[in-house]
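*Asks:* Before we start, here is the structure in question, set down as structure tokens.
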Amino acid sequence: MSARFRLPSAKSYNVRASELERERSHTQAVCNVLLLDNTVHAFKVNKSDHGQVLLELVFKHLELTERDYFGLHLNDDTSDTPRWLDPNKPIRKQLKRGSPHNLSFRVKFFVSEPSKLQEEYTRYQYFLQIKQDILTGRLPCPHNTAALLASYAYVYLLSGLTPAQAEFQYLNTARTLDLYGVELHWARDQSQTEILLGVQSVGILVFKNRVRINYFAWLKIVKISFKCKQFFIQLRKETSESRETLLGFHMGNYRACKNLWKSCVEHHTFFRLERPLPPQKNFFSHYFTLGSKFRYCGRTEVQSVQYGKEKGIKDRVFARSPSKPLCRKLVSGTDWDSVSRNSLSDERLETQSLPNRSPPGTPNQNVFVINCLKSL
């Protein structure tokens, strides 16, 4: 006969509960995401989840409708190249071991016109991003333009402009900056001279000694590819040329090279195509080739604009962060010195022969600057 025993209520140890907690700690990852209002929010995901799961958690937390313009930037101190969380790959393959992990919520694709953003809330997120980029030196800005932008960031408190109107004017002015929407990657040319390759909505740019020396529009590019640390751009043959031109660039390592290639694939697909091309299409693999199955699978700009028109919440109510400290920093000479030191080249990047991209209907600059300075 088997005897029955009553477990004592005290002096017990739940082994199974401890084991389950241990298993959860090994399968879960805590991701601290820095949002554009400078707040940090922690999200818990399973390491086996794909990046899209974490993205959806962040979008849901922000109640963001127009989502495809944004992404999660991986804050990896050992990498000198931009890295984005891939929504189609497991999180455990993209983040380093250990927890918590630090990521930044950022604008990934910068539209050419703020009117393409259907929601005021989306434009506000853009506004926070550009404001942050100027302060950190990521987006170099001339002093007079900085003062004008600072006035937009604060002037609605002094005049009849609503916050939404001021932010729209802010974005309309910021889009004329030379490096607006440019994702920069360190590289070297064939003579081993240090350069910067910039990926933008309209194509690929080359900077040398803080000056833009070349620009390749997507229409002129036949193919982009990479092999090990070599990144290649194959250009269309001009009427005066006998064959196509192949340009090669040296990247710091394989990871940096692949990140640049992926950025080109994403920007071309998002801005130039009406919809992402399926992987089985042969002409897609002909355009972007060599050693990777990566494809951009989100909405394109055309699809995002249409989705915003259909699903956007035009009368959304939300709270804004204070703008006054930014205005003071932007028009202060001392703070501008620190901004310059934080820029990619320690000095403002300049460009040559750029077209005039002044926004239409920009108010008199001096009036806005004077109003801003009077308010400080």
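Bear in mind that the values in this text are calculations on the coordinates, not laboratory data. From a predicted model like this one, the values you see are computed outputs, not experimental measurements. Please note: Cβ atoms are built from the backbone with ideal geometry, for glycine as well, and neighbour counts cover all protein chains shown.
*Asks:* Provide the packing ranking of 100-106, 313-319, 189-195, i.e. peptides ordered by the mean count of other C-beta atoms within 10 Å per residue, highest first. Please report the intermediate quantities before stating the final value.
*Replies:* Working: 100-106: 19.3, 313-319: 9.7, 189-195: 11.6.
Ranking the peptides 100-106, 313-319, 189-195 by packing returns 100-106, 189-195, 313-319.
*Asks:* Once fully extended, how much extra length lies between residue 253 and residue 189, figured as 0.36 nm per residue of separation less the alpha-carbon to alpha-carbon distance?
*Replies:* Values: separation 64, 0.36 × 64 = 23.04 nm, distance 1.43 nm.
Using 0.36 nm per residue and subtracting the Cα-Cα distance, I get 21.6 nm.
*Asks:* Around residue 294, what is the net charge, scoring Lys/Arg as +1 and Asp/Glu as -1 over all other residues with Cβ under 11 Å from its Cβ?
*Replies:* Working: positive: 89, 258, 262, 293, 295; negative: 86, 266.
Net charge in that neighbourhood comes out at +3.
*Asks:* How high is the relative contact order of segment 26-107, given as a whole-number percent (alpha carbon pairs under 8 Å, six or more residues apart)? Mind showing how you got there, number by number?
*Replies:* Numbers: 132 pairs, mean separation 33.1, N = 82.
Across segment 26-107, relative contact order equals 40 percent.
*Asks:* Right, something else. Just subtract the alpha-carbon distance of residue 39 and residue 222 from 0.36 nm times their residue separation and send over the number in nm, one decimal. Present the calculation step by step, with values, prior to reporting the outcome.
*Replies:* Numbers: separation 183, 0.36 × 183 = 65.88 nm, distance 4.28 nm.
Between residue 39 and residue 222, full extension yields an extra 61.6 nm.
*Asks:* Using Cα pairs under 8 angstrom and six or more residues apart, how large is the relative contact order of segment 100-203, in percent?
*Replies:* Numbers: 83 pairs, mean separation 26.3, N = 104.
The normalised contact order for segment 100-203 reaches 25 percent.
*Asks:* Follow-up. Expressed in nm to one decimal, what extension gain is obtained for the pair residue 242 and residue 30 from 0.36 nm per residue of sequence separation less their Cα-Cα distance? Don't jump to the answer; show the numbers that get you there.
*Replies:* Details: separation 212, 0.36 × 212 = 76.32 nm, distance 5.61 nm.
Extra length from residue 242 to residue 30 when fully extended: 70.7 nm.
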